[in-house]
Amino acid sequence: MNNIKKRWKPDVSRAWQTFYARVDSEGLLYDEGITNCLTEPEAPSLDRVRKRRVPSFYVKWSVAAVISALCVGIATFYWMQPSYPKMITIQNNQDHEVLVATLPDGSMVFLSGGSELTYRRSSHLRQVTLKGEAFFDVFKDQKCVFLVETELITVSVLGTSFRIKCDQESPFELTVKSGMVQVALKDEEQMVFAEAGEQVEWVDNWLHKSYLEDVNVLSEHVRKLYFKDESLGQIVRVLNECTLGSKRLTLDDDFLSDRKITVALEVEKGVEGFADIICVAFDLNQTVEEDLIHISKK
């Protein structure tokens with residue numbers, strides 16, 4: 001009987017080591033010094049286990065709280081930052097074509113070859129930067145000034161038409177076709193106003209104003225027009241103003257004004273050629289009534 005009792009006597013030390021290995025493998029113990037304490041058969045008390053686990057619990061939640069607060073702070077920072085509309089750059093790489101484009105506010109720009117125009121995609125930020133030469137037909141808005149920035153000068157208008165040239169041959173030259181324009185030097189305290197028929201030039205670091213007999217700058221400025229993904233309404237408006245000949249175009253159906261097309265046109269050929277193009281492209285009908293060409297759906 002003594003031998004049997006001795007044979008089946010539980011090995012407490014081995015059982016505890018097995019239990020410890022299992023607990024340790026599950027990540028429930030974090031005190032590296034506990035290994036030495038478990039070499040004895042006596043198990044740690046419940047209070048000792050609690051003292052080791054409680055700090056780990058609070059550490060996890062504290063780290064989670066800090067990370068959450070950091071994420072919220074970063075998100076709030078970016079959300080509070082002002083969002084500016086995307087910058088758009090138009091380049092005309094053609095030497096003998098004028099690129100015609102409509103700006104977000106409805107203004108038209110005729111960009112000469114080798115010129116560049118940069119603006120923001122917003123109808124409320126009427127500000128552009130010009131390098132080269134362009135003719136502007138600005139949509140009138142009494143509440144929002146239209147600004148043209150060049151390297152040396154800032155031009156301010158409300159609603160008018162004018163041409164600006166700023167390149168190596170001419171640092172700055174402005175010709176007003178209609179309305180009034182304000183011209184101001186950036187680094188000097190000089191500002192002048194120019195009206196229709198007047199020209200402003202930058203000579204010897206100063207703005208000089210003169211008068212012109214002929215201010216038909218759009219017609220002499222344009223020989224070949226290039227429209228890229230432009231609406232028929234805007235194209236007809238441009239052609240009626242700057243093409244030669246007595247005939248004019250009109251769109252009889254309102255929905256036609258929003259239809260868009262990419263096309264290159266020679267000003268000298270008048271509006272007849274464009275009428276033929278859009279009638280074929282959009283399956284439309286044209287009728288002539290004296291000097292007016294009517295475009296309508298079939």
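The values are calculated or read from the model by the stated rules, or taken from the named source; none is laboratory data. Worth saying up front: this structure is predicted, and the values here are computed from it rather than measured. Cβ placement follows ideal geometry from the backbone for every residue including glycine, while neighbour counts extend to all protein chains displayed.
Within segment 254-291, restricting attention to residues that are among the small types (Gly, Ala, Ser) and either outside the structural domain of residue 239 (by TED's automatic domain parsing) or touching a helix residue (DSSP H, G or I) at 6+ places or on another chain (Cβ under 9 Å) (or both), which residue is surrounded by the most Cβ atoms within 10 Å (Cβ to Cβ)?
270
For segment 171-179, does any single residue satisfy the condition of being among the basic types (Lys, Arg) and modelled with pLDDT under 90?
Here is the first cut: in segment 171-179, the ones among the basic types (Lys, Arg) are 177.
Restricting the remaining residues to those that are modelled with pLDDT under 90 gives 177.
Yes, segment 171-179 contains at least one residue that is among the basic types (Lys, Arg) and modelled with pLDDT under 90.
Given the condition in contact (Cβ under 8 Å) with a residue 40 or more places away in the chain and small (Gly, Ala, Ser), answer yes or no: does some residue in segment 133-148 qualify?
No: segment 133-148 contains no residue that is in contact (Cβ under 8 Å) with a residue 40 or more places away in the chain and small (Gly, Ala, Ser).
When segment 148-191 is examined, which residues are found to be in a strand (DSSP E or B) and of a type in the set (Gly, Ala, Ser)?
156, 161, 178, 184
Yes or no: segment 286-296 includes at least one residue that is part of a helix (DSSP H, G or I) and either farther than 26 Å from residue 92 by Cβ or free of Cβ contacts under 8 Å to residues at least 40 places away in the same chain (or both).
No, segment 286-296 contains no residue that is part of a helix (DSSP H, G or I) and either farther than 26 Å from residue 92 by Cβ or free of Cβ contacts under 8 Å to residues at least 40 places away in the same chain (or both).
Before we move on, is residue 194 part of a strand (DSSP E or B) and either among the acidic types (Asp, Glu) or surrounded by 13 or more Cβ atoms within 10 Å (Cβ to Cβ) (or both)? Explain how you work it out, then say what you get.
On the way: part of a strand (DSSP E or B): yes; either among the acidic types (Asp, Glu) or surrounded by 13 or more Cβ atoms within 10 Å (Cβ to Cβ) (or both): yes.
The answer is yes for residue 194.
For segment 134-147: of the residues being touching a Phe, Trp or Tyr at 6+ places or on another chain (Cβ under 9 Å) and in a strand (DSSP E or B), which is farthest from residue 195 (Cα to Cα)?
Top of the filtered list is 134.
Here is a check on your reading of the model: is residue 257 assigned to a helix (DSSP H, G or I) and modelled with pLDDT of 90 or more?
Working: assigned to a helix (DSSP H, G or I): yes; modelled with pLDDT of 90 or more: yes.
Yes, satisfied.
Quick one: is residue 134 surrounded by fewer than 17 Cβ atoms within 10 Å (Cβ to Cβ) and either in contact with a strand residue (DSSP E or B) (Cβ under 9 Å, 6 or more places away or on another chain) or in the same structural domain as residue 241 (by TED's automatic domain parsing) (or both)? Full working, then the answer.
Details: surrounded by fewer than 17 Cβ atoms within 10 Å (Cβ to Cβ): no; either in contact with a strand residue (DSSP E or B) (Cβ under 9 Å, 6 or more places away or on another chain) or in the same structural domain as residue 241 (by TED's automatic domain parsing) (or both): yes.
Spelling it out, it is not the case that residue 134 is surrounded by fewer than 17 Cβ atoms within 10 Å (Cβ to Cβ) and either in contact with a strand residue (DSSP E or B) (Cβ under 9 Å, 6 or more places away or on another chain) or in the same structural domain as residue 241 (by TED's automatic domain parsing) (or both).
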